[in-house]
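Scroll down for the structure; my scribbles are underneath it.
The values are calculated or read from the model by the stated rules, or taken from the named source; none is laboratory data. Computed from a predicted model, the values in this text were never measured in an experiment. Every residue, glycine as well, gets a Cβ built from its backbone with ideal geometry; the counts of neighbours run over all protein chains shown. Keep in mind that these areas ignore ligands, DNA and RNA; they rest on the heavy atoms of the full protein, side chains included. Shrake-Rupley method; radii C 1.70, N 1.55, O 1.52, S 1.80 Å.
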Amino acid sequence: MDDEIIDDVFLREFLLGKVNDEERGRIEDLFLIDPQAKERVLGVEQDLIEDYLEGTLTTADGARFVARYAQTPEQRRRLRITKSIKDWALAEAASSDPAKTSGRSGFLAWFGFRPAFVLPLAATAIIVIVVGAVWLSRRAEHSAIEKELAQLNAPSSFRDGPVSLELSPVTVRGGESQAPLNTRASENGVELRLLWIQKERYPGYQATIRRVNERQSFSVRTLQPESDGKAIRLKLPAHFLTRGMYQIKLSAVGSGSSVEEYQFMVGN
Amino acid sequence: MSRDFAIAQESFDEILAWFNPDRERAAAMYVQLRHDLAKTFVWRQCSDPEGMTDEVFDRVARRIREVRPTYKGDPRLYFRAVANNLVKENFKKIKTQIALEDADLTKQQVSQAEAEDADVEECLQACLEELSFDKRELILAYYAKEKQAKIDHRRELAQRFGISVETLRVRTHRICLSLEQCIERCLPAYEQRK
């Protein structure tokens, strides 16, 4: 990308529809085929969105922005999502800003000079460290399981093997009442066949699986459909599954709205 | 322009083959191009970017057998040319749709948006938990300041990481994108509970 000709100011003009057809065409071409140019355009767009949310655009630019980025309910929702991320970061930063908590730091300094408080503070610190270590260990365990799931479900590892259970989406009559799955009989893991009932077919899918009533979920991001696109296979290691009800959300990569939900019971 | 979108399997396969002989790479390019074309429709004030993207693929699918053997260059640029023609054709209709959309921004929509804000908050918290510590801290630091103050702050931040402000922006954008996608996936679950 020619940095001298296409700078951030020019890209901002482009995003607000202030450039001529020829220039617009040139940037759009670069956006589609040049990964560096794409990242640059998206970065400038990110700045523009931020400026709009902070109310620093001029009235005219604000109107141009709204005409492009806040037309549809989906676009307005995306803006609200971006705003929520910014608001969260600002609130977190404000709560840990020393300038805003100077009263509290004085209080802490006072604590530091009182030996009677040293023991409780040390005990609190130890608790924090232990809790932190447990949290880190759980995160590591979570990452290891996701890695294993990714390896099991890598496109290259798929062969036409026997299916342990075929699942219909819960929106289909009977889809929520499947026979319990017995993992004892399948030491090498289970293979689920998730039926995709939507008309649209997609080249890639991702699944999120969790045990019902548990918050922790695991994602598999590289699932491919069978050749006719009517089902997606998902492999799970046997040790991953314990007795209980499981929920799977399957979504099409690149389509925010195409999601199906499945449930199954592990019986042993 | 919302309508059922279905390309015949044969044409779809041919489009993928045109993108890349490796089907996996071609599929990734397909997904990316859909996303990118929708983006260009947004920039051109089209009220239904997804529907228009469907239409572009539909049109290319109908002509791929005649176009592919003779077309020289990156196929994605052919898709852009089709998209460009589509925008021109629909310009009048699109303007009408925008006018109706604006007029329809009722109080009910505003209250729906407010209700959704609460769901976005819940989903944001859930999605933040899925982020690694480093990524979470980076987002936190990047957005810690607003307006004029953020410019100096981000410059310092980039220096601290030993990267350019540009690279810092790209990194945070990628994280934000994954966070936004996570929230988009999470929201329907909250809406269903109501």
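Restricted to region B:65-79, and to residues that are open to solvent by 30 Å² or more (accessible area, probe 1.4 Å) and at the interface with chain A (Cβ under 8 Å from one of its Cβ atoms), which residue is farthest from B:CYS46 (Cα to Cα)?
Just the residues of region B:65-79 that are open to solvent by 30 Å² or more (accessible area, probe 1.4 Å), to begin with: B:65-66, B:68-74, B:76-78.
Right, trim to at the interface with chain A (Cβ under 8 Å from one of its Cβ atoms) and you get B:74, B:76-77.
On the way: B:ASP74: 25, B:ARG76: 20, B:LEU77: 19 Å.
Filtering first and then ranking leaves B:ASP74.
Provide a single number: the residues in region B:20-60 that are over 16 Å from B:ALA83 (Cβ atoms), within 11 Å of chain A (Cβ to nearest Cβ) and open to solvent by less than 40 Å² (accessible area, probe 1.4 Å).
Result for region B:20-60: 3.
Taking the criterion of being open to solvent by less than 20 Å² (accessible area, probe 1.4 Å), under 19 Å from the mean Cα position of the chain (by Cα) and of a type in the set (A, V, I, L, M, F, W, C), would at least one residue in region B:155-176 satisfy it?
Taking region B:155-176 and keeping what is open to solvent by less than 20 Å² (accessible area, probe 1.4 Å), we get B:157-158, B:168-169, B:172, B:175-176.
Checking the rest, the ones that are also under 19 Å from the mean Cα position of the chain (by Cα) come to B:169, B:172, B:175-176.
Okay, now just the ones that are also of a type in the set (A, V, I, L, M, F, W, C), so B:175-176.
Yes.
All but one of (1) under 21 Å from B:ARG185 (Cβ atoms); (2) at pLDDT 85 or above; (3) of a type outside the set (Val, Ile, Thr) hold for A:LYS199; which doesn't?
With respect to (1) under 21 Å from B:ARG185 (Cβ atoms); (2) at pLDDT 85 or above; (3) of a type outside the set (Val, Ile, Thr), A:LYS199 is out only on (2).
Report yes if some residue within region B:82-90 is at the interface with chain A (Cβ under 9 Å from one of its Cβ atoms) and surrounded by 21 or more Cβ atoms within 10 Å (Cβ to Cβ); otherwise report no.
In the first step, residues of region B:82-90 are kept if they are at the interface with chain A (Cβ under 9 Å from one of its Cβ atoms); the result is B:83-84.
Still in the running and surrounded by 21 or more Cβ atoms within 10 Å (Cβ to Cβ): B:83.
Looking through region B:82-90, at least one residue is at the interface with chain A (Cβ under 9 Å from one of its Cβ atoms) and surrounded by 21 or more Cβ atoms within 10 Å (Cβ to Cβ).
Which residues, taken from region A:42-65, are β-branched (Val, Ile, Thr) and more than 9 Å from chain B (Cβ to nearest Cβ)? Reasoning before the result, please.
Within region A:42-65, the subset β-branched (Val, Ile, Thr) is A:44, A:49, A:56, A:58-59.
Selection gives A:ILE49, A:THR58, A:THR59.
Of the residues in region A:3-40, how many are more than 10 Å from every other protein chain (Cβ to nearest Cβ) and either open to solvent by less than 10 Å² (accessible area, probe 1.4 Å) or touching a Gly at 6+ places or on another chain (Cβ under 9 Å) (or both)?
3
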